[in-house]
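A.B. asks: Once you've had a glance at the structure underneath, I'll fire off some questions.
All of the numbers you see were taken from the coordinates with simple rules; none came from a lab. Quick caveat, the model's predicted, so the values are computed rather than measured. With ideal geometry, Cβ positions are generated from the backbone for all residues, glycine too; neighbour counts draw on all protein chains shown.
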Amino acid sequence: MEKQQILWIDDEIELLRSHILFLTEKGYEVDTVTNGEDAIYKVREKSYDLIFIDEMMPGMGGLETLSEIKEIDPSVPIVMVTKNEEESLMNDAIGSKIDDYLIKPVLPSQMLMVCKKILDRKKISNEYVTKDYMKEFARISAQLLGENDFLDWIDIYKRLVAWDLELDEHPEVDLRQSLYEQQKEANREFSKYIERNYLDWLENPDDAPVLSPQIFENYVLPEIENSEGPVFYFVLDCMRLDQWYVIEKHLRDYFNIVTDFYYSILPTATPYSRNALFSGLFPREIQERYPEYWVNKFENESQLNRYEKDLLDLLLHRHKVKLRNEMKYLKIIDPAVGRSFAQNVISHKNTHFMAVVINFLDMIVHSRSDNDVLKEISPDEPAFRSLTESWFRHSSLLSILKTISEMKNAKVILTTDHGSIRVHRGAKVLGDKEAAKNLRFKYGRNLKADDKHAMYIKNPAKFKLPDVGVAANYIIAKEDYYFVYPTDYHKYLNLYRDTFQHGGISMEEMILPVALLETK
C-alpha cells in the first residue's frame with residue numbers, strides 16, 4: 001500500500017523536525033518547503049493527500065499560498081497552522097475552504113489526530129460501520145425469530161432503514177447484499193404477521209396500530225382545534241420512510257420535527273389508502289355512506305381520488321369542526337401548479353386549515369416502469385433515494401415549506417398514503433378477464449395464486465373492503481412478489497421485474513411516517 005503524501009509549508013520547518021519524524025514513523029511520507037513559491041511548484045509537480053500551511057510566512061503569506069494551491073488542486077485538504085488566534089483570521093481561513101486549523105505551538109499528537117481525521121477517517125469509519133452492522137445484523141436476525149407486535153415491527157423497519165441510509169454514506173463497505181437479504185427475510189416474516197393479525201386489528205381497534213382512517217383524528221384534528229396559526233396537511237403520495245428521512249434533513253433548519261408512524265390499510269394503493277386519509281373511513285364505509293364518492297372501477301387513474309375535498313368536508317362536518325374561515329384544498333400534479341402555489345402560499349397565512357396533495361413521488365414510481373432513462377438513473381433503492389433528494393432540494397415543495405416556516409404559529413402535518421417496494425419475483429395468477437389489472441393486488445372472481453405469494457380475502461366485507469361484485473374476492477401480494485397472468489407470462493415477468501410497485505404487503509408499503517412540523 002502506497003504511503004499517503006503530506007506537504008508541510010513553514011518558514012521555520014527546521015524547528016519541526018521532531019514532528020515530521022513522528023509522522024514519518026506513523027507511515028506518512030512528508031515533503032517540506034519553507035515558502036509559498038516553492039510550495040506552489042511542488043503542488044504542480046506532485047499530488048498530495050494533505051497539506052499543512054503556516055499562516056505567517058515572509059513573502060507570499062499563508063492565505064495567498066492557500067488560494068494559489070486551491071487553483072491548482074481544488075480537492076486537496078489543507079490545514080492552516082497559525083500563532084494568531086484572532087477570530088477574523090480564522091473566518092478568513094475558513095472562508096478560503098481550509099479543512100482544519102491548529103494553533104501554535106502544536107504537539108505531534110495533534111498533527112497525528114488531524115491526519116487520521118482527514119486521511120484515515122473513511123477507512124476507520126468503514127471498519128467501525130462493518131463491525132457495528134454485523135452486531136446489528138445478529139440482533140435483528142434474533143428478533144425476527146421471536147414474537148413481535150406492531151410496535152416491534154416499526155422498530156425493526158426503522159433500524160433496517162437506518163442501516164440502508166448508513167451504507168449510502170459508505171459505498172466502499174460491501175454489506176449491501178447482506179442488508180438486502182435481511183430486508184427480504186424481514187418482509188417474509190412481516191407478511192406472515194400481517195396475514196395473522198390484520199383482521200384482528202379491524203375487529204379490535206383498541207389493540208391495533210393507528211391505521212389510515214385514523215390519521216385525521218389522531219394527528220390533524222388536535223392541531224386544528226388548538227391552532228393559533230395556519231394548519232397545513234400535506235400528503236406526499238407514495239413516500240417511503242427512507243425517502244422521508246432524506247427529505248427531513250433539509251427541513252430541520254426551518255422546523256422542529258417529530259416523526260411518528262402508522263400502518264396503511266390494505267390494499268396499499270391510492271384509491272383505498274388515500275381516500276381513507278381524507279374521509280376518516282374504510283373503503284367499504286365510504287361506499288356504503290357516500291356511494292356517489294366511491295369509484296368502483298379503477299381503470300382510469302385520473303378518477304381514483306377526485307372526491308378527496310368532498311370527503312374531507314364531510315369528515316370535518318362529522319367532527320363538528322368550526323374553522324375560522326373556509327377550508328382550502330389543493331392537489332399538485334404538475335410543476336406549474338407547484339410553482340404557482342409557492343408564489344402565493346404566503347396568502348394563506350391566515351387560513352385556518354389547508355390540505356395539499358403532492359403527486360410527484362407516485363409519478364416517478366409509475367414513470368420508472370416505462371422509462372429507460374429513469375431506470376438508468378434510479379436502478380436501485382439508494383439511487384431512488386438520491387433522485388428523491390435531488391427533486392426535493394430543487395422542488396416548489398421545499399420553497400412552499402420554507403415560506404410556511406416563516407408564518408407565525410404555523411404547523412404542518414406531513415404524511416403519505418402508502419409506500420412502494422421494488423419487486424423481483426413474479427407470482428402466477430389465474431382469474432377472469434374482468435379482474436383488476438394491478439400488479440400487487442387484484443379483485444375479481446375465481447382469482448387463484450400460490451398461498452406463499454398472496455394473501456386471500458374471500459370476504460371483503462370483513463376486511464372493510466368495498467363490494468366489487470358477486471363472488472368476487474381480493475388477493476394481495478406479499479413480500480416482493482408481483483402478479484403475472486399465464487398468457488405471455490415471460491414477457492410480462494421481465495417487463496415488470498425490478499420496478500417499484502404498491503398495493504401489497506411489505507414494510508416499505510405499510511409502515512409509514514406521519515410528521516408534525518412546528519415553526520421555530
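A.B. asks: Report the paramagnetic label zone for TYR41: residues of region 8-25 whose backbone N is under 16 Å from a point 7 Å from Cα along the Cα-to-Cβ axis.
C.D. replies: 8-11
A.B. asks: Further question on the same structure: Return the whole-Å distance between the Cα centroid of region 122-146 and the Cα centroid of region 309-368.
C.D. replies: Cα centroid of region 122-146 versus Cα centroid of region 309-368: 42 Å apart.
A.B. asks: So for region 377-520, Kirkwood radius off the Cα pairs, Stokes-Einstein at 20 °C and 1.002 mPa s: how many µm² s⁻¹?
C.D. replies: 121
A.B. asks: If the only charges are +1 at each Lys and Arg Cβ and -1 at each Asp and Glu Cβ, what is the size of the charge dipole of region 361-520 around the Cα centre, to the nearest 20 debye?
C.D. replies: Numbers: 24 positive and 21 negative charges, 78 e Å.
Using Cβ point charges on Lys, Arg, Asp and Glu, region 361-520 gives about 380 debye.
A.B. asks: Can I ask one more? Please give, to one decimal in nm, the separation of the simple spin-label points placed at ASP432 and ALA162, each 7 Å out from Cα toward the Cβ.
C.D. replies: 5.1
A.B. asks: Further, regarding this structure: Test of understanding: extend the Cα→C-beta vector of ASP174 to 7 Å, then name every residue of region 1-28 with backbone N under 20 Å from that spot.
C.D. replies: It comes to 1-2, nothing else.
A.B. asks: Looking at SER191, TYR180, SER212, which one has the Cα that reaches farthest to the positive end of the dipole of region 114-244 (charges on Cβ: Lys, Arg +1; Asp, Glu -1)?
C.D. replies: Checked the options; the winner is TYR180.
A.B. asks: For helix 176-203, what angle does its Cα long axis make with the longest principal axis of the chain, in degrees from 0 to 90 and rounded to 10?
C.D. replies: Once rounded, the angle reads 30 degrees.
A.B. asks: Rounded to the nearest 5, what % of DSSP beta bridges with both residues in the chain are antiparallel?
C.D. replies: In the chain, approximately 45 percent of DSSP beta bridges are antiparallel ones.
A.B. asks: Describe numerically, in nm with one decimal, the distance between label points set 7 Å from Cα along Cα→Cβ at HIS424 and at LYS375.
C.D. replies: A separation of 1.7 nm, rounded to one decimal place.
A.B. asks: Under a plain spin-label model, where a point goes 7 Å from the Cα along Cα-to-Cβ, how far apart in nm are ALA461 and GLU147?
C.D. replies: My value for the distance between the label points is 3.3 nm.
A.B. asks: Something else now. Would you kindly state how much longer the chain becomes between ALA471 and LEU21 on full extension, computed as 0.36 nm times their sequence separation minus their alpha carbon distance, in nm to one decimal?
C.D. replies: Once the chain is fully extended between ALA471 and LEU21, it gains 153.5 nm.
A.B. asks: Can I ask one more? How big is the chain by the Kirkwood estimate over distinct Cα pairs, in Å?
C.D. replies: 26.5
A.B. asks: Can you tell which of PRO486, GLY444, HIS352 lies farthest toward the positive end of the dipole of the chain, using +1 and -1 charges on the Cβ of basic and acidic side chains (Lys, Arg; Asp, Glu)?
C.D. replies: Value: GLY444.
A.B. asks: Compute the convex hull volume of the Cα atoms of region 425-497, divide it by the residue count, and report the result per residue in Å³ as a whole number.
C.D. replies: Once divided by residue count, the hull of region 425-497 is 81 Å³.
A.B. asks: Another question, then. To the nearest 500 deg cm²/dmol, what mean residue ellipticity at 222 nm is calculated for the chain from DSSP H runs of n ≥ 4 alone, each contributing -39,500 (n - 2.57), summed and divided by the residues?
C.D. replies: On the way: 20 runs with 222 residues, N = 520.
Result for the chain, helices only: -13000 deg cm²/dmol.
A.B. asks: Neighbouring Cβ atoms within 10 Å as the yardstick, rank MET507, MET327 fewest first.
C.D. replies: Exposure proxy ranking, most exposed first: MET327, MET507.
A.B. asks: Please list, by residue number, every one of the GluC sites (Glu not before Pro) in region 204-297 that is coil in DSSP and has at most 14 other beta-carbon atoms within 10 Å.
C.D. replies: Values: sites: GLU217, GLU223, GLU225, GLU228, GLU248, GLU285, GLU288, GLU292; in loops: GLU228.
Those satisfying the criteria are GLU228.
A.B. asks: I would also like to ask the following. What would the Debye formula give as log10 I(q)/I(0) at q = 0.16, 0.19 Å⁻¹ for the alpha-carbon point model of region 364-417, no solvent?
C.D. replies: Once normalised to I(0) and log-transformed, intensities are -0.63, -0.77.
A.B. asks: Still on this structure, please answer the following. For LYS3 and ASN409, FRET efficiency with R0 = 35 Å and r from the beta-carbon atoms, rounded to 0.05? Before the final figure, lay out the partial values.
C.D. replies: Numbers: r = 59 Å, r/R0 = 1.69.
That gives a FRET efficiency of 0.05.
A.B. asks: Let's see if you can work this out: charge +1 on each Lys and Arg Cβ, -1 on each Asp and Glu Cβ, no other charges. What is the dipole magnitude of region 260-400 about its Cα centre, in debye to the nearest 20?
C.D. replies: My answer is approximately 740 debye.
A.B. asks: Okay, moving on. Filter LYS192/LYS464; LYS123/LYS402; LYS402/LYS478; LYS184/LYS331; LYS322/LYS411; LYS97/LYS375 down to the pairs with a C-alpha to C-alpha distance above 29 Å, please. Don't skip to the answer; put the middle values down first.
C.D. replies: On the way: LYS192/LYS464 20 Å; LYS123/LYS402 37 Å; LYS402/LYS478 39 Å; LYS184/LYS331 35 Å; LYS322/LYS411 18 Å; LYS97/LYS375 37 Å.
Pairs exceeding the cut-off: LYS123/LYS402; LYS402/LYS478; LYS184/LYS331; LYS97/LYS375.
A.B. asks: So how much slack lies between GLN110 and ASP200, counting 0.36 nm per residue of separation and subtracting their Cα-Cα distance, in nm?
C.D. replies: Stretched fully, the GLN110-ASP200 segment lengthens by 26.3 nm.
A.B. asks: Cα-Cα pairs above 16 Å in region 5-106: how many percent?
C.D. replies: On the way: 2680 of 5151 pairs.
I get 52 percent for the Cα pairs in region 5-106 exceeding 16 Å.
A.B. asks: Moving on. Under 18 Å from the 7 Å Cα→Cβ point of LYS184, by amide nitrogen: which residues of region 421-443?
C.D. replies: Only 421-428 fall inside the zone, counting backbone N under 18 Å.
A.B. asks: Using only the alpha carbons of region 184-336, determine the length spanned along each of the three principal axes and report them from longest to shortest in whole angstroms.
C.D. replies: If we take the Cα atoms of region 184-336, the spans are 47, 43, 37 Å.
A.B. asks: Compute the helix-to-body angle for 335-344: its Cα long axis versus the longest principal axis of the chain, expressed 0 to 90° and rounded to tens.
C.D. replies: For helix 335-344, the angle is close to 80 degrees.
A.B. asks: Still on this model: Once you sort the root eigenvalues of the Cα gyration tensor of region 334-446 as a ≥ b ≥ c, which label holds: rounded (a/c under 1.5), prolate (a/b larger than b/c) or oblate (the other case)?
C.D. replies: Prolate is the answer for region 334-446, as a/c is 1.5 or above and a/b outweighs b/c.
A.B. asks: Using unit Cβ charges (K, R positive; D, E negative) and no other charged atoms, how large, in debye to the nearest 20, is the dipole of the chain about its Cα centre?
C.D. replies: Its charge dipole is roughly 2380 debye.
A.B. asks: Let me ask you something else. What number in nm² do you get for region 124-201 if you take the convex hull of its Cα atoms and divide its surface by four?
C.D. replies: Working: hull surface 20.3 nm².
Orientation-averaged projected area of the Cα hull: 5.1 nm².
A.B. asks: Calculate, in nm to one decimal, what TYR290 and GLU518 gain on full extension: separation in residues at 0.36 nm each, minus their alpha carbon distance.
C.D. replies: Roughly 78.6 nm would be gained on extension.
A.B. asks: Among ILE154, LEU165, THR130, which residue has its Cα furthest toward the positive end of the charge dipole of region 124-201, with +1 on Lys/Arg Cβ and -1 on Asp/Glu Cβ?
C.D. replies: Result: ILE154.
A.B. asks: Kindly express, to the nearest 10 degrees and within the range 0 to 90, the angle between helix 308-318's C-alpha long axis and the longest C-alpha principal axis of the chain.
C.D. replies: Approximately 70 degrees, to the nearest 10.
A.B. asks: Please arrange MET134, MET80, MET354 by counting, for each residue, the other beta carbons lying within 10 Å of its beta carbon, fewest first.
C.D. replies: MET134, MET354, MET80
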